[in-house]
Amino acid sequence: MRPYVSHSKLSRKSGGFTLLEVVISLSIFALMSVGAFHILQSSIASHRQSEQRMEQFDALSRMLGSIESDLRQTIDRPIRDRDGDTLAAFIGQLELLEFTHGGWNNRPGALENNRQPAHSNLRRSGYRQTLKSTEEGGYITLLSRRQWVVLDRARHSTAVTTLEIPIRRISFNYLSHNRTWHNKWPATINSPETDQSLPLAVKLDLQTTQFGLVTRLFYVSHSPIEGNSQ
């Protein structure tokens, strides 16, 4: 004889989840989804910050490498400004420096078949602290590298900005031949050891927003005008 099973027990077993169980399950699923979303969002933001920091580090490295490369090819060659006045081969202040250097290669093939170079391998470059307006109406401090295509400037000569990085402040100092540091160049002390066109070295203190204080010491080449380009 088959055992008797009440109708109420059979209905309870075959009726599925109750409404309360469904609500609890959905609540747990929603909480897990929100947690997973926040974890994903945090991972994406962290990845973006890492990429941005790497881009900022690459830009800083390019700027420092540019300064070092230019200073290592410094040429003792004064120039004339737009008014025809003579500018020293090397001019330095606390927040800017400007100098003549080599390293500007001529275009490929310019020296082939006894042709003349397309242009001189000398260039005039400058590094300075500048202010730039932002879209929000404020200002941002930048370290800018500017270059002139020609050395002796005509009235239409303009500098081209080739590199820019955001900074807080910069400070250049210049080592004279008597091993004394100066905050501008040419040095104001008149002596055989300081009366030189080019300093021995340049010290840069660069306060950055991302990496704090960066200090670099750059050797200054003392090449003649006939210095070879790289």
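Some values worked out for this structure:
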| quantity | calculated |
| --- | --- |
| Qualifying positions in segment 142-181 - under 24 Å from ARG53 (Cβ atoms) and either aliphatic (A, V, I, L, M) or surrounded by 16 or more Cβ atoms within 10 Å (Cβ to Cβ) (or both) | LEU142, LEU143, SER144, ARG145, LEU163, GLU164, ILE165, ILE167, ILE170 |
| Tally of residues being closer than 30 Å to SER221 by Cα and among the aliphatic types (A, V, I, L, M) across segment 12-70 | 5 |
| Options ILE91, ILE75: the member that is among the β-branched types (Val, Ile, Thr), open to solvent by less than 30 Å² (accessible area, probe 1.4 Å) and either at positive phi or in contact with a Leu (Cβ under 9 Å, 6 or more places away or on another chain) (or both) | ILE75 |
| Lone unmet requirement of (1) over 18 Å from ALA59 (Cα atoms); (2) under 15 Å from the mean Cα position of the chain (by Cα); (3) of a type outside the set (Asp, Glu) for ARG169 | (1) |
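Condition check ((1) on the phi > 0 side of the Ramachandran plot; (2) modelled with pLDDT of 90 or more; (3) surrounded by 11 or more Cβ atoms within 10 Å (Cβ to Cβ)) across all residues:
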residue	(1), (2), (3)
SER42	no, no, no
ALA45	no, no, no
ARG48	no, no, no
ALA59	no, yes, yes
GLY84	yes, no, no
GLU98	no, yes, yes
HIS101	no, yes, yes
ASN105	no, no, yes
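The values are calculated or read from the model by the stated rules, or taken from the named source; none is laboratory data. All of these numbers come straight from a predicted model, not from anything done at the bench. Using ideal geometry, Cβ is built from the backbone for each residue, glycine included, and neighbour counts are taken over all protein chains shown. All accessible areas refer to the heavy atoms of the entire protein, side chains included, with ligands and DNA or RNA removed. Shrake-Rupley method; radii C 1.70, N 1.55, O 1.52, S 1.80 Å.
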